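Report on the following structure.
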Amino acid sequence: MPPSRFAVPAEVPGLAARRIAADILDGVLHKHRTLDDQLDGAGAHPGLKSLADRDRALMRRLVSTILRKLGTLGHLLSRLLDRGIPTDAPRAQSALLIGAAQILWMDVPDHAAVDLSVRLVQSDRRAAKYAGLVNAVLRRCAREGQGLIDEISTQTLDLPPWMLARWNAHYGEATAREMALALGHEPSLDLTVKSDAAQWASRLHGETLPTGTVRTLLQGSVTMLPGFAEGQWWVQDAAAALPVRLFGDIKDKAVADLCAAPGGKTAQLALAGAQVTAVDRSPARVARLRDNLTRLALQAETVVADAAEWPAEAGSFDGILVDAPCTSTGTIRRHPDVAWLRQEGDIAALSALQKRLLQKATHLLKPGGTLVYCTCSLEPEEGEHAIAALLAGESGLRRAPVETSEVAGLDAIITADGDLRTLPCHLPNADPRLGGLDGFYAARLVKS
């Protein structure tokens, strides 16, 4: 029998992590599979089960570093290769990316980075003939790579050209460059805590942001951190925690959370005392939402349904949160695969879905009720334009502008219209790992 694809000789430590990293990169770049799908759940890479925690962390860091620096790596390798990256052997491409990323940005000895990349191609039938090429290119990368990178401004290389062009047009070139720079850094871990943020910041060796989020640089399995098993906090980017604040006092009010999974905002609503109905079309995601609520000891009714078609009674909710499916371009700092999986053509289809969800939410909202719409997209069609179109067509809705006091005095994240707009370069810090926010848009509307 041929050896298992995942069987690795004991005398080659670290090769398994790199092999799995190569498989996952191939999944993103050639098979259009998300990182989340390949790292967790039913579709997770089968080799992950046998990886030690240290190797799993190395694999994740390798993959995320390569996806964050993919444009820079492509430019560099084009300078080091006379005939370009081999296209007939994906494993050779992955080996070059993995080796170069370790040499340039990771604490791995150059000789180890080169040797393991060569072993990676030698173990693949189609790529084996490129072992000598990989060896030569990576040795040259160790000698010349940093100098070649220093010759150019790389920040904007690491975004797809269509995305950069849109951000330049909407936010201006200076802000777009700041956003691109922020996306190049591995982000912190952000936590929403049930109470006593200062105590949890101390216990988790982090800091409390002005908005109340606890931000920490702790690494490793989240489930092993203090307070997780006890349900004292959940993982949620600081920007993602802001839209629910726009409801104000919702104790005992009926609130629907449309497209609710995995449930961070549902948990916020429940913690604030609302009677929450959480709706999501995915049974697996709703199951995960229920598990999260159980761990947190919070209550919400859960419904598996397409929110746009959900047959709930008209005018039955005091508040509705529409956390709409979107291109997710605001989450690239945490999900670097998004930059390479999304296409500009995705925006129109998602905008149509967002319009349907907003119309449904308006139908379900009581007179005098509050609708909060949000997306984790940086594209105006999925934010500002969507709300402008809704207000133009619905005379019974009016905008309720966000006050600076509602967002901890962060006036930079409030637009001229009174909506919320966070950018990856917001909330800067001397340590870039402790700065930044996901890109979010949120608007608050009231039904007359």
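Odds and ends about this structure:
- Tail fraction, Cα-Cα pairs, segment 1-119, threshold 26 Å, whole percent: 16 percent
- Based on every Cα atom in segment 341-396, Rg and the maximum pairwise Cα distance Dmax equal 12.2, 40 Å.
- Packing-based order for 293-302, 266-275, 237-246, 313-322, using average beta carbon neighbours within 10 Å, highest first: 237-246, 266-275, 313-322, 293-302
- With R₀ set to 25 Å, the beta-carbon distance separating residue 126 from residue 52 gives a calculated FRET efficiency near 0.30.
- Reciprocal of mean inverse Cα separation for the chain (Kirkwood radius, Å): 23.4 Å
- Zero-based 5 Å bins, Cα pair distances in segment 189-447, whole percents: 1, 6, 13, 17, 21, 18, 13, 7, 3, 1, 0
- Residue-averaged 222 nm ellipticity for the chain, from DSSP H runs of 4+ at -39500 (n - 2.57), nearest 500: -12500 deg cm²/dmol
- Under 30 Å from the Cα of residue 49 - lysines, other chains or at least 8 residues apart: 31, 69
- Exposure proxy ranking for 162, 234, 310, based on other Cβ atoms within 10 angstrom of each Cβ and starting from the fewest, stands as 162, 310, 234.
- Residues in segment 51-82 reached by a label modelled at residue 144 [backbone nitrogen below 20 Å; 7 Å Cα→Cβ]: 71-82
- Centroid-to-centroid separation of segment 194-238 and segment 355-373 [C-alpha atoms, Å]: 33 Å
- By the rule of a C-alpha distance below 26 Å, with chain neighbours fewer than 8 residues away ignored, the lysines paired with residue 355 are 253, 265, 366, 447.
- Residue-span extension gain [residue 403 to residue 352] - 0.36 nm each, minus C-alpha spacing: 15.4 nm
- For the listed peptides 68-75, 338-345, 219-226, 91-98, a ranking on the average number of other beta carbons within 10 Å per residue, highest first, reads 91-98, 68-75, 338-345, 219-226.
- Rg to Rh quotient for segment 258-335, alpha carbon positions, Kirkwood Rh: 0.97
- Segment 350-448 pair-distance distribution - Cα-Cα, 5 Å bins, rounded %: 2, 13, 22, 22, 18, 12, 6, 3, 2, 0
- Both radii were evaluated on the Cα set of segment 46-196; the Rg over Rh quotient, with Rh as the Kirkwood radius, amounts to 1.03.
- The simple spin-label model puts a point 7 Å past each Cα toward its Cβ; for residue 40 and residue 223 those points are separated by 1.1 nm.
- For segment 189-447, the share of DSSP beta bridges that are antiparallel, to the nearest 5, is 55%.
Here, each number is a calculation from the coordinates, and none is a lab measurement. What you are looking at is a predicted structure, and each value in this text was computed from that prediction instead of being measured. All Cβ positions, glycine included, derive from the backbone under ideal geometry; neighbour counts span all protein chains shown.
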